[in-house]
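Visitor: Please find one structure pasted underneath; my questions will follow.
The values are calculated or read from the model by the stated rules, or taken from the named source; none is laboratory data. The structure presented is a predicted model; accordingly, all values stated were derived computationally and were not measured. Quick reminder, even Gly has a Cβ in these numbers, built from the backbone with ideal geometry, and neighbours come from all protein chains shown. Remember, those area values only see protein heavy atoms, side chains included, never the ligands or the DNA or RNA. Shrake-Rupley method; radii C 1.70, N 1.55, O 1.52, S 1.80 Å.
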Amino acid sequence: MEGLEIVRNVPKGVLYAIAPFVVVATLLSAVRLYTTWSYYQTMRQFIESPQDGKKKVKPPQIPYSLPWLGNSLQFLDPKPGHYWSELFAWHPRSTGVCTLLIGGKKTHILFSPSAVQALFKAKTPSRDVFEREMFHHVFGMPDEQIHNFEAGKHSQHEMNSQYLTKHERVNELTSHFTRVLEEVLEKDAREVVELEGIGLYEWLRDRMFTASTTALMGEKLLQVYPTYCRDFYQFDKEFLSFFFQLPKFMMGDALKNRDRIFDKLEEWSNEMHRLSGGSPVDPEGPAWEPLFGSRLNRARQLDYKNIKLNSRTAAALDLGITFGLASNVIPATGWVLMHLLDPEADPTILARVMEELRQAERCDGSLDIPTLVSQPLLQSVWTETLRLYTDVLVTRNCTEDLTLPVDEDGKRLVTFRKGDNIFAPSWLGHHDAGAWSGKAPYEQFYATRFYTEDPETGRGTFSMSGTTGKFFPFGGGRTICPGRVFAKQEGLGALAMILLCFDFEFKGFTGADKTPVDTFPGLARAFAGSGGLVPGGDIRVKVRRRQR
Ligand code: HEM
């Protein structure tokens with residue numbers, strides 16, 4: 001009664017002014033109450049474990065207040081892993097699955113290792129819906145071009161298996177990569193050694209970008225487009241803002257940067273076609289040629305024409321393959337190098353890694369890649385880096401109903417309906433305290449996490465046993481990353497060449513703004529699922545040529 005009296009005394013103008021806010025607040029509270037109530041209703045299925053037989057469960061929808069936007073704003077937290085740690089501070093991991101409402105779409109999040117494993121084994125889930133959205137929103141491709149790409153999809157898989165995953169083809173790519181990197185490092189051995197100090201990651205990124213794009217796409221690309229590395233990494237940072245369709249006012253000059261990349265890649269491709277006499281050199285011809293580079297790139301350029309893609313779409317797909325090439329493997333190699341040179345790390349690790357690198361060095365100074373990539377400690381360091389610093393959202397759409405187990409003994413089953421979207425975030429598998437805290441805390445870089453030593457023989461072995469469904473930086477199943485073998489050769493090859501060629505004197509850590517700081521670099525800001533996580537700082541070093 002007293003409350004009503006107070007309302008009656010408020011001037012009408014004020015009441016009209018606050019009424020919309022009251023309506024909105026009531027609506028948001030009602031949405032919150034309803035979604036919270038249904039969350040706890042769904043959670044009842046998980047309280048008792050099924051004694052005998054199997055039990056079907058429904059993924060709990062995480063409560064939200066904003067209709068349509070749902071959980072989007074929290075999910076788009078630009079601090080890597082932050083959304084997940086907030087969520088799992090109160091939601092139990094044991095459900096294995098939950099649902100988020102992102103941009104008006106219900107998206108199921110899978111984090112039970114057995115469910116992730118079963119998802120990768122299943123034949124029907126596809127990535128096509130997400131790819132279509134990516135082409136549309138990220139690359140701005142028109143529908144007719146997306147249709148042509150999809151109609152010719154089989155040739156993409158064919159080319160990848162022919163020219164990217166086959167052993168001898170990977171070796172050709174690696175051998176060209178190491179050849180270019182050697183030339184670049186030779187120049188550094190004369191010039192960079194003169195400098196007082198450099199940012200280690202910034203230096204490495206530029207060198208690896210040059211060597212990998214030249215190996216894949218030929219030597220003219222960076223001549224036509226010398227600032228590709230800078231523009232690419234800006235695009236890499238903004239990629240998910242396009243995908244999640246952030247409003248233009250939040251995108252800064254992202255659109256301008258993307259369009260500049262397309263313009264320059266189109267210019268390069270037109271010029272290379274002209275210089276090649278209209279058509280690239282046969283992919284079955286030489287392993288590499290200066291204009292279009294590798295067999296894979298030549299096959300891709302021919303395919304663009306065959307499946308009627310215009311030069312703008314071709315530029316978008318060239319940017320796409322650069323993404324595969326540079327977005328994950330270069331940051332990963334940077335983290336390995338930074339951890340090995342960190343003055344606070346266990347100094348015996350660098351000495352043991354150097355020993356393994358020397359074993360892979362031939363008398364003429366070249367690298368024996370098969371020996372290099374099978375060194376146990378080196379593999380452990382590489383795998384630990386991918387565990388800690390890759391954050392991929394493995395995306396699938398159900399082309400028909402799909403039932404997956406969400407617990408270890410397969411008693412609880414979840415059924416996704418045809419058309420449902422599923423995300424399997426690698427972050428959750430890679431940062432699961434239960435799975436990874438055996439040797440050292442899961443959030444810590446631990447070089448020997450995947451390495452064991454026989455106490456009698458002293459022989460080291462690399463092992464990944466027990467990691468299925470918990471470790472998947474390359475995705476899995478039919479669409480698992482076709483570049484994974486090259487990625488390892490590229491990363492470890494670069495690491496070996498750099499450490500065998502140079503000595504690094506530690507000068508200090510720097511922050512994102514390049515000013516001195518006291519701590520090892522943390523993660524740069526990035527949305528969940530950004531791929532290779534980039535350092536939010538660097539290590540300053542003085543480079544010296546190593547005396548052999
Ligand atoms: C550490 C390095 C890398 C990581 C973490 C990585 C990760 C991934 C992931 C998660 C996918 C999606 C897989 C799925 O949906 O199941 C993918 C696809 C792909 N990656 Fe990689 N990748 C890496 C290096 C490379 C390299 C060096 C290349 C070579 C150019 C490459 C080329 C591709 C291509 C072409 C696809 C699309 C395959 C398809 O459409 O079926 N990746 N990668």
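Visitor: For the stretch 310-391, state which GluC sites (Glu not before Pro) are in a DSSP loop and have at most 14 other beta carbons lying within 10 Å of their beta carbon.
Guide: Those that pass, being in a loop and sparsely packed, are Glu344.
Visitor: Regarding the stretch 415-520, what are the three Cα extents along the principal axes, ordered largest first, in Å?
Guide: Principal-axis extents of the stretch 415-520 (Cα, largest first): 57, 49, 30 Å.
Visitor: Then there is this: Express in Å², to the nearest 10, the accessible area of Val24 obtained by rolling a 1.4 Å probe over the protein heavy atoms while all chains stay in place.
Guide: 80
Visitor: Assigning unit charges at the beta carbon (Lys, Arg +1; Asp, Glu -1) and nothing else, what dipole magnitude in debye, to the nearest 20, does the chain show about its Cα centre?
Guide: 1440
Visitor: Which FRET efficiency value, to the nearest 0.05, do you get for Leu341 and His91 by plugging their Cβ-Cβ distance into 1/(1 + (r/R0)^6) with R0 = 45 Å?
Guide: With a Förster radius of 45 Å, E is 0.70.
Visitor: Using r as the Cβ-Cβ distance of Trp37 and His154, and R0 as 30 Å, what FRET efficiency do you calculate, to the nearest 0.05?
Guide: E between Trp37 and His154, to the nearest 0.05, is 0.05.
Visitor: Quick check: the angle from helix 376-389's long axis to the longest principal axis of the chain, C-alpha only, nearest 10 degrees?
Guide: Between the helix axis and the principal axis of the chain, the angle is about 40 degrees.
Visitor: Can you give the extra length, in nm with one decimal, that the chain gains between His136 and Asn9 once fully stretched, where that is 0.36 nm per residue apart less the Cα-Cα distance?
Guide: Full extension of this stretch gives 40.2 nm more.
Visitor: Roll a 1.4 Å probe over the protein chains and send me the accessible area per residue for the stretch 314-434 in Å².
Guide: It amounts to 33 Å² per residue over the stretch 314-434.
Visitor: With a cut-off of 8 Å between alpha carbons and a minimum separation of six or more residues, what is the relative contact order of the stretch 401-548 in percent?
Guide: 14 percent.
Visitor: To continue, here is another question. Pick out, in residue order, every one of the trypsin sites (Lys or Arg not before Pro) in the stretch 13-102 that is DSSP loop and has at most 13 other C-beta atoms within 10 Å; say none if there are none.
Guide: Answer in residue order: Lys54.
Visitor: I would also like to ask the following. Take the alpha-carbon centre of the stretch 167-193, take the same for the stretch 288-310, and report the distance between them in whole Å.
Guide: Using only Cα atoms to place each centre, the spacing works out to 23 Å.
Visitor: Once label points are set 7 Å from the Cα along Cα→Cβ at both Thr468 and Ser126, what is their separation, rounded to one decimal in nm?
Guide: With each label point 7 Å from Cα toward Cβ, the separation is 2.7 nm.
Visitor: Okay, next question. Using the structure shown, select from Lys121/Lys305; Lys55/Lys418; Lys58/Lys105 the pairs with a Cα to Cα distance greater than 28 angstrom.
Guide: Over 28 Å Cα-Cα: Lys121/Lys305.
Visitor: While we're on this one: Based on a Kirkwood Rh over C-alpha pairs, give the Stokes-Einstein translational diffusion coefficient of the chain at 20 °C and viscosity 1.002 mPa s in µm²/s.
Guide: Calculated translational D: 83 µm²/s.
Visitor: Related question: Counting Lys +1, Arg +1, Asp -1, Glu -1, what net charge surrounds Leu181 among other residues with beta carbon under 14 Å of its beta carbon?
Guide: -3
Visitor: Same structure, new question: Where nothing but the Cβ of Lys and Arg (+1) and of Asp and Glu (-1) is charged, how large is the charge dipole of the stretch 256-361 around its Cα centre, in debye to the nearest 20?
Guide: 620
Visitor: Right, another one. Just to confirm my numbers, what's the Cα centroid distance between the stretch 64-109 and the stretch 457-498 in Å?
Guide: After rounding, the separation between the Cα centres reads 29 Å.
Visitor: Go through Ile6, Ala189, Gln489 and say which Cα lies farthest out towards the positive end of the charge dipole of the chain; charges sit on Cβ, +1 for Lys and Arg, -1 for Asp and Glu.
Guide: The one lying farthest along the dipole's positive direction is Ile6.
Visitor: Can you sort Tyr228, Tyr442, Tyr40 by 1.4 Å-probe accessible area, starting with the largest?
Guide: Tyr40, Tyr442, Tyr228
Visitor: What per residue convex hull volume, in Å³, do the alpha-carbon atoms of the stretch 253-323 yield?
Guide: Enclosed volume per residue, from the Cα hull, is 84 Å³.
Visitor: Please give the charge dipole size of the stretch 392-548, origin at the Cα centre, charges +1 on K and R Cβ atoms and -1 on D and E Cβ atoms. Round to the nearest 20 debye.
Guide: 640
Visitor: Please identify every one of the chymotrypsin sites (Phe, Trp or Tyr not before Pro) in the stretch 79-141 that sits in a loop by DSSP and has no more than 16 other beta carbons within 10 Å of its own beta carbon.
Guide: Phe88, Trp90
Visitor: Only Cα pairs under 8 Å and at least 6 apart count here; give the relative contact order of the stretch 275-347 as a rounded whole percent.
Guide: 17
Visitor: How high is the relative contact order of the chain, in percent, with contacts defined as C-alpha pairs under 8 Å that are six or more residues apart?
Guide: Once divided by the residue count of the chain, the mean separation gives 21 percent.
Visitor: While we're on this one: Can you give me the solvent accessible area of Trp203 with a 1.4 Å probe, rounded to the nearest 10 Å²?
Guide: Per-residue accessible area (Trp203): approximately 10 Å².
Visitor: Follow-up. Residues in the stretch 530-546, backbone N under 19 Å from the label point at Met250 (7 Å along the Cα-to-beta-carbon vector): list them, ranges by number please.
Guide: 530-531
Visitor: Ok, one more. How much solvent-accessible surface does Ile261 expose, in Å² to the nearest 10, with a 1.4 Å probe and all protein chains in place?
Guide: Solvent-accessible area, nearest 10 Å²: 0 Å².
Visitor: Can you give the Rg/Rh ratio of the stretch 211-309, where Rg is from the C-alpha atoms and Rh is the Kirkwood radius?
Guide: 1.04
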